[in-house]
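The values are calculated or read from the model by the stated rules, or taken from the named source; none is laboratory data. The model shown is predicted, which means the values in this text are computed figures rather than measured ones. Heads up, the Cβs are rebuilt from the backbone with ideal geometry, glycines too, and the neighbour counts pull from every protein chain shown.
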Amino acid sequence: MRGPPLEGMPAGPFGKKRNIEPMTSTEDIRRLLLDLAHDLGDGRHMAIAGEGNVSGKLDDRHFLIKASGARMSTLQPEELVGVDARPLLAVLEGEEDLTDEEIERLLLEVRTDPDALKPSVESLFHAWLLTLPGVRIIGHVHAIAVNQVLCSPRKQDFAVRRVIPDQVVYCGVESVLIPYVDPGFTLARYMAREVEAFRKRTGVLPKTILLENHGVIALGAQHTEVIAALAMAEKAARIFVGAATLGGPIFMDESEVYRIAGRTDEHHRQRMLERHLPQSDHADPAN
Ligand SMILES: [Zn+2]
């Protein structure tokens with residue numbers, strides 16, 4: 001492993017600008033991803049059976065991702081598979097569409113250990129999201145309340161408006177909303193396009209990405225950020241659904257949303273969270 005990456009270093013093939021915490025060993029990342037998967041799957045019931053996945057960046061070319069079909073709540077070390085991101089990124093950037101069989105073959109080819117399990121078909125979007133500056137950990141779940149909204153006509157409201165201040169802090173001023181498309185290759189291409197459009201329009205990276213009729217993704221430098229963003233998205237969705245039954249929600253004013261996003265004490269809370277959020281913390285992380 002190399003030493004800590006310097007901010008502003010030249011772009012590598014996997015990652016345009018490196019601006020992340022000092023390198024952590026593969027085993028540290030593996031342990032952290034196991035904690036994340038167990039917390040999301042078991043502690044928070046956000047994924048059952050083979051649903052959802054987690055990934056973590058190892059270096060400029062490689063990442064660890066959950067094996068296809070593995071269960072989040074009982075995820076084992078060998079169910080996190082090392083993957084070479086470059087062939088996946090090359091396919092996403094290419095013009096050609098791949099068949100299901102070609103994608104299957106590609107997923108087996110990109111394993112760094114030929115005896116490892118097959119990585120998740122969602123490796124394609126993980127590979128791309130992990131190229132974004134500062135993004136090192138990704139969590140994706142099929143959470144119930146979030147999906148209640150994402151399977152409803154109110155999904156756009158949930159993506160672009162905010163119901164409570166902590167939703168602004170942990171989920172961002174707004175979220176990217178991706179229409180329902182075939183999971184895997186098509187979804188990854190859509191996601192790259194929509195996230196780039198969001199970044200161009202807002203000047204920041206999203207903290208959360210909402211997938212219609214499917215689920216939610218959170219991305220960050222730390223696994224605690226990812227847990228907080230997913231837990232808060234689920235809490236905000238429950239509030240949204242409850243308020244909708246009473247004729248609401250009454251959303252926060254845009255000016256208030258931007259004020260919260262810029263407030264220093266909120267930044268302080270985010271920093272404290274990174275230091276102190278315990279595993280399986282069910283308490284409101286704002287408190
Ligand atoms: Zn999914």
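Structure summary
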| read-out | value |
| --- | --- |
| Residue check, Arg44 touching a helix residue (DSSP H, G or I) at 6+ places or on another chain (Cβ under 8 Å), modelled with pLDDT under 90 and of a type in the set (D, E, K, R) | yes |
| Restricting the stretch 199-236 to residues that are within 18 Å of His142 (Cβ to Cβ) and polar (S, T, N, Q), the residue that is surrounded by the fewest Cβ atoms within 10 Å (Cβ to Cβ) | Asn213 |
| Residue match in the stretch 164-171 (condition: touching a strand residue (DSSP E or B) at 6+ places or on another chain (Cβ under 7 Å), of a type in the set (Ser, Thr, Tyr) and modelled with pLDDT of 95 or more) | no |
| Scan of the stretch 196-214 for residues that are more than 12 Å from the chain's Cα centre (by Cα) and away from the ligand (no atom under 15 Å from the Cβ), ordered by number | Glu196, Ala197, Phe198, Arg199, Lys200, Arg201, Thr202, Gly203, Val204 |
| Which listed residue, of Asp115, Asp39, Asp97, is touching a residue at least 40 places away in the same chain (Cβ under 8 Å) and assigned to a loop (DSSP other than H, G, I, E, B) | Asp97 |
| Filter result for Ser152 (away from the ligand (no atom under 16 Å from the Cβ), under 22 Å from Met46 (Cα atoms) and among the small types (Gly, Ala, Ser)) | yes |
| Filtered residue count, the stretch 42-74, keeping only those that are part of a loop (DSSP other than H, G, I, E, B), within 14 Å of the ligand (Cβ to nearest atom) and among the hydroxyl-bearing types (Ser, Thr, Tyr) | 1 |
| Qualifying residues in the stretch 156-186 (those that are within 30 Å of Gly242 (Cα to Cα), in contact (Cβ under 8 Å) with a residue 12 or more places away in the chain and within 16 Å of the ligand (Cβ to nearest atom)) - the one surrounded by the most Cβ atoms within 10 Å (Cβ to Cβ) | Ser175 |
| Test: residue in the stretch 131-141 that is over 18 Å from Gly215 (Cβ atoms), small (Gly, Ala, Ser) and either assigned to a helix (DSSP H, G or I) or more than 16 Å from the ligand (Cβ to nearest atom) (or both) | yes |
| Unique match (being within 25 Å of the chain's Cα centre (by Cα), away from the ligand (no atom under 16 Å from the Cβ), within 28 Å of Leu64 (Cβ to Cβ) and β-branched (Val, Ile, Thr)) among Ile217, Ile239, Ile260, Ile227 | Ile227 |
